[in-house]
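Here's the structure, in structure tokens; my notes come after.
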Amino acid sequence: MNATAELHIHYHHSHIPLAELHTHLGGAVDPAILWTIAHDQGIRLPTKDYWEFERMVTISEHDRIRGMKVLDNTKYHWTELIQSSPLALEPAVHETLGGAYRANHIVLHELRFNPMKRNRSGEQDLDHIIMATIRGMEKALLEYEEIRAGLLIMLDRTFPFRLNEILYQKALKYQKRGVAGIDLAGPPSKAFQMKEYVDLFREAKQKGLGVTIHTGEEGEEQSKEMKLVVDKIEPHRIGHGFLAWKDKKLIRKLLDKRIALELCPTSNLNIKVIPNVKEMREIYRTLFDAGVLLTINTDGPEMHGTNLWKEFNFLLDEQIFTAKEIETLQKNAFDATFIK
Ligand SMILES: [Zn+2]
């Protein structure tokens, strides 16, 4: 049996414990569970038909989604709305961690979310929102002893500094309760200036929070932004960051500073920040062959119709990475975790 076949079989039997570092809670909850949560809360949805709902919260070919902005305003709009209460968040986190363990044997799981996108514009108390996610996580940890999990609180490019600062303070407040780090996401925004965040992120690192930032994913601006992030913030990890592939100097810095990239192959293709598999192969290979620390993630398995097995098998089938290289990428994920 060749190595490829062996890897397929292994993953399908879920003997290999896996690590997932980059998953958005807004894209990770099974649509059937979201559907029930929405009904439990009496949320008025635009459809009474489950299958139509499922199409609303997952990405398929005919959606023609291009870039983060469209994704945020369509799919994430609904998942975040449904998740916008303590009653919704507890089962959402519990089911996500438990489900990923049962289906994919994910034993190390970082789950990221923005509590301010789940408090109905201030109507719900932020502390209650965060505590509900912690309760959901604790429940999963009780049920499945093998899981190690942590929450990442996300800041957003479309928020003013003042709100992002509050999110950072909340991450510090709940650091000892299971918040392992912070992230920044959201589509490029004219009002947003990464340089205003240098001190905040540097302080977060000093205080022991893991720091990852979504950048180097789409557009000319994010290529520039990524340089600033690497030079001035030196985060532990970068969400996506593959745009560094054409910049030898930037790659050198990623190596020197040992910054890991969180790659999400299916997501990249789904929202067309990488146009096709051929380009993906060239980009990912360039980074890997240069020695950049790469990890493979789903970005949100339910929304993107994937899971870690599927990602690995896709990378194998498309001859982007060998079975041995995928083992290295998984080891990288276990090494780069914020969970202590
Ligand atoms: Zn992401």
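The values are calculated or read from the model by the stated rules, or taken from the named source; none is laboratory data. Model, not experiment: these values are computed from the prediction. Neighbour counts are summed over all protein chains in view; Cβ atoms, including those assigned to glycine, are modelled from backbone coordinates with ideal geometry.
Please enumerate the residues belonging to the stretch 190-212 that are within 16 Å of the ligand (Cβ to nearest atom) and without any contact (Cβ under 8 Å) to a residue 40 or more places away in the chain.
If the condition is that a residue be within 16 Å of the ligand (Cβ to nearest atom) and without any contact (Cβ under 8 Å) to a residue 40 or more places away in the chain, then Val211 is the only one that fits.
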I'm told Phe242 meets every condition in (1) modelled with pLDDT of 95 or more; (2) surrounded by fewer than 23 Cβ atoms within 10 Å (Cβ to Cβ); (3) within 16 Å of the ligand (Cβ to nearest atom) except one. Can you identify the failing condition by its number?
(2)
Just to be sure I understand, how many residues within the stretch 1-30 are touching a His at 6+ places or on another chain (Cβ under 9 Å), assigned to a loop (DSSP other than H, G, I, E, B), modelled with pLDDT of 60 or more and surrounded by 14 or more Cβ atoms within 10 Å (Cβ to Cβ)?
4
Picking from Thr215, Thr286, the residue that is free of Cβ contacts under 8 Å to residues at least 60 places away in the same chain, in contact with a helix residue (DSSP H, G or I) (Cβ under 6 Å, 6 or more places away or on another chain) and within 12 Å of the ligand (Cβ to nearest atom) would be Thr215
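For the stretch 169-184, does any single residue satisfy the condition of being within 15 Å of the ligand (Cβ to nearest atom), farther than 20 Å from Asp72 by Cα and modelled with pLDDT of 95 or more?
Yes - at least one qualifying residue is present in the stretch 169-184.
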Keeping to the stretch 263-295, report how many residues are within 21 Å of Gly219 (Cβ to Cβ) and part of a loop (DSSP other than H, G, I, E, B).
8
List pairs: first residue in the stretch 99-112 and among the basic types (Lys, Arg), second residue assigned to a strand (DSSP E or B) and within 16 Å of the ligand (Cβ to nearest atom) anywhere in the structure, Cβ distance under 7 angstrom, at least six positions apart or on different chains.
Arg112/Thr23; Arg112/His24; Arg112/Leu152; Arg112/Met154; Arg112/Asp183
Taking the stretch 82-123 as the region of interest, how many residues are surrounded by fewer than 20 Cβ atoms within 10 Å (Cβ to Cβ) and under 26 Å from Asn164 (Cα atoms)?
7
Would you say Thr266 is within 13 Å of the ligand (Cβ to nearest atom) and surrounded by fewer than 24 Cβ atoms within 10 Å (Cβ to Cβ)?
yes
